[in-house]
Amino acid sequence: MRKVLKGLRAVFDGYSLREGVDVALEYGKIVEVGENLKGDEYIILEGEVLYPSFVDAHTHLIYAGDRVFELNMRLSGASYLDILKAGGGIYHTVKATVEASDEELLNLTLQRIKKLQGMGVGVVEIKTGYGLEYGQEIRLLKLINEVSLRTDAVVVPTLLFHVPPKDRDVFKYLEEFFLRYDEYAHLLRFVDVFADEGAYGPEETETILSFYTQRGVQCRLHADEFKPFASRLAAKYGCVSADHLIHTDGVGAEALARAKVVATLCPVTGFFLREGFAPYDLLKKRGVRIALASDHNPGTAPFLNPFLTILLAVFGYGMTPQEAFSAHTSAAADSLQLPNVGRVEPGVRGLLFTMNMTPEELIYRGEVNPKVELLRL
Ligand code: NIG
Ligand code: FE
């Protein structure tokens with residue numbers, strides 16, 4: 001059964017806007033994009049602009065509680081790292097998450113996914129990281145896998161080494177993950193490390209990266225969010241993505257370009273922390289592939305809205321609206337190594353949405369709540 005989407009004002013194909021084309025699908029897959037396509041059934045979407053669903057390639061969606069109380073602390077001068085080092089920040093969320101039941105965590109995460117879907121997101125990477133004990137981290141990994149069964153969004157599970165435990169030797173903590181790797185290897189798609197001051201240092205990060213890459217696990221890194229050292233490690237270990245990069249310099253950008261590491265930028269985080277924006281021009285000039293993500297988490301990026309991410313990317317980095325949409329769709333799919341989402345081309349899954357605006361019109365109007373129609377084909 002071949003369905004053809006017709007009457008579209010334009011199609012954003014994951015890279016740029018195309019006019020005058022129809023899109024044909026068979027069994028939920030795009031099979032053709034072109035002029036005057038024929039089919040068994042026609043779906044008329046008069047005047048609408050068709051988009052591939054957003055891909056959110058970096059989230060910490062599974063947690064309990066919030067950190068509203070930190071907002072005024074930070075705005076009165078306390079830094080994110082001061083709060084973290086004093087045992088607050090991530091450690092606060094760990095406590096709330098460990099105390100929450102499985103069912104609570106599942107519901108909270110599914111509610112967040114519902115919200116994301118209402119704003120056009122179809123694929124979401126979810127990291128562990130608020131467990132901070134072997135058993136708790138594996139519980140979160142299992143729950144992320146359970147979430148994936150209870151939603152029609154595509155869920156990508158990542159094991160995150162977030163911060164070292166406060167009261168234990170960090171290498172002892174890591175050893176348990178290394179020794180028991182076979183027990184949980186099937187539950188994860190990626191491993192990630194928050195490699196920064198106040199979190200994992202260079203030596204610890206290398207220990208983690210070398211263990212997992214030797215076993216063929218693809219890794220991603222939280223890099224250069226506060227202090228710059230991790231982008232070089234992302235390149236050295238062939239990570240698929242280096243994320244944040246607020247403080248990346250020329251050497252780091254060069255290394256990422258050479259190793260073909262995708263830069264997954266999270267503009268909400270730098271904005272929310274008032275840390276500034278990653279050096280987009282520098283990364284672009286060196287030829288780094290650039291993706292966008294929400295980094296949704298209760299401490300540094302509690303927003304969920306992909307349109308806000310795009311708006312900040314345009315005015316914070318100087319991306320064009322179409323570059324920003326491309327970064328949140330096709331490039332984000334590359335960040336997750338998923339060639340069959342994030343674009344409108346033959347062979348790709350039909351995860352699509354429509355709205356009545358082009359990327360330029362949306363940004364020009366500062367529209368962050370457009371009416372979005374999800375297409376499930
Ligand atoms: O991406 N940087 C590490 N993780 C999050 C912050 C998590 C938190 O503060 O709870 C981030 O910014
Ligand atoms: Fe993060």
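Any read-out appearing in this document is the output of simple, stated calculations on the displayed coordinates, not a laboratory observation. Predicted model, so just to flag it, every value in this text is computed and none were measured. Note that we place each Cβ from the backbone using ideal geometry, even for glycine, and neighbour counts take in every protein chain shown.
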To the nearest 20 debye, the range 253-377 has a Cα-centred charge dipole, built from +1 on Lys and Arg Cβ and -1 on Asp and Glu Cβ, of 280
In the structure displayed, which of 6/38; 127/227; 3/38 lie more than 18 Å apart, Cα to Cα?
127/227
Using the Cβ atoms and a cut-off under 14 Å, what net charge is assigned to the surroundings of residue 207, where Lys and Arg are +1 and Asp and Glu are -1?
-3
256, 143 arranged by Cβ crowding within 10 Å, fewest neighbours leading:
143, 256
Name the shape class, rounded, prolate or oblate, that the alpha-carbon gyration tensor gives for the chain, where a ≥ b ≥ c are the square roots of its eigenvalues, rounded holds for a/c under 1.5, and otherwise prolate holds if a/b is larger than b/c and oblate otherwise.
prolate
Given a 10 angstrom Cα cut-off, can you work out which residue in 171, 307, 69 is the most mobile in a GNM of the chain?
69
Can you give me the angle between helix 202-214 and the longest principal axis of the chain, using Cα atoms only, in degrees from 0 to 90, rounded to the nearest 10?
60
Suppose every Lys and Arg Cβ carries +1 and every Asp and Glu Cβ carries -1, with no other charges. What dipole size does the chain come out with about its Cα centre, to the nearest 20 debye?
300
Just from its helices, what would the mean residue ellipticity at 222 nm be for the chain, if runs of 4 or more DSSP H residues each count -39500 (n - 2.57) and the sum is divided by every residue, rounded to the nearest 500 deg cm²/dmol?
-10500 deg cm²/dmol
Taking neighbour Cβ counts within 10 Å as the exposure measure, how do 127, 38 sort from fewest upward?
38, 127
Among 130, 300, 81, which residue has its Cα positioned farthest towards the positive end of the charge dipole of the range 54-335, with +1 placed on the Cβ of Lys and Arg, -1 on the Cβ of Asp and Glu, and the dipole taken about the Cα centre?
300
May I ask for the angle, rounded to the nearest 10°, between helix 102-118 and the longest principal axis of the chain, with both axes built from Cα atoms and the value confined to 0 to 90°?
40
Among 30, 44, 90, which one moves the most in a GNM of the chain with springs linking Cα atoms closer than 10 Å?
44
Quick shape check on the range 226-359: root eigenvalues a ≥ b ≥ c of the Cα gyration tensor, a/c under 1.5 is rounded, otherwise prolate if a/b tops b/c, else oblate, and it reads oblate
Counting Lys and Arg as +1 and Asp and Glu as -1 over every other residue whose Cβ sits under 11 Å from the Cβ of residue 155, the net charge comes to -2
Running a GNM on the chain with Cα contacts under 10 Å, which residue among 22, 82, 334 ends up with the highest mean-square fluctuation?
82
Taking neighbour Cβ counts within 10 Å as the exposure measure, how do 286, 274 sort from fewest upward?
274, 286
Rounded to whole angstrom, the alpha-carbon centroid of the range 159-188 lies from that of the range 7-61 at a distance of 42
I'd like the distance separating the alpha-carbon centroids of the range 297-369 and the range 189-235, in whole Å.
26
Euclidean distance of C-alpha centroids, the range 68-95 and the range 104-148, integer Å
23
Report, to the nearest 10°, how far helix 170-179 tilts away from the longest principal axis of the Cα atoms in the chain, using its own Cα long axis and a range of 0 to 90°.
60
Tell me the net charge near residue 67. Cut-off is 13 Å between Cβ atoms, residue 67 excluded, with +1 for each Lys or Arg and -1 for each Asp or Glu.
0
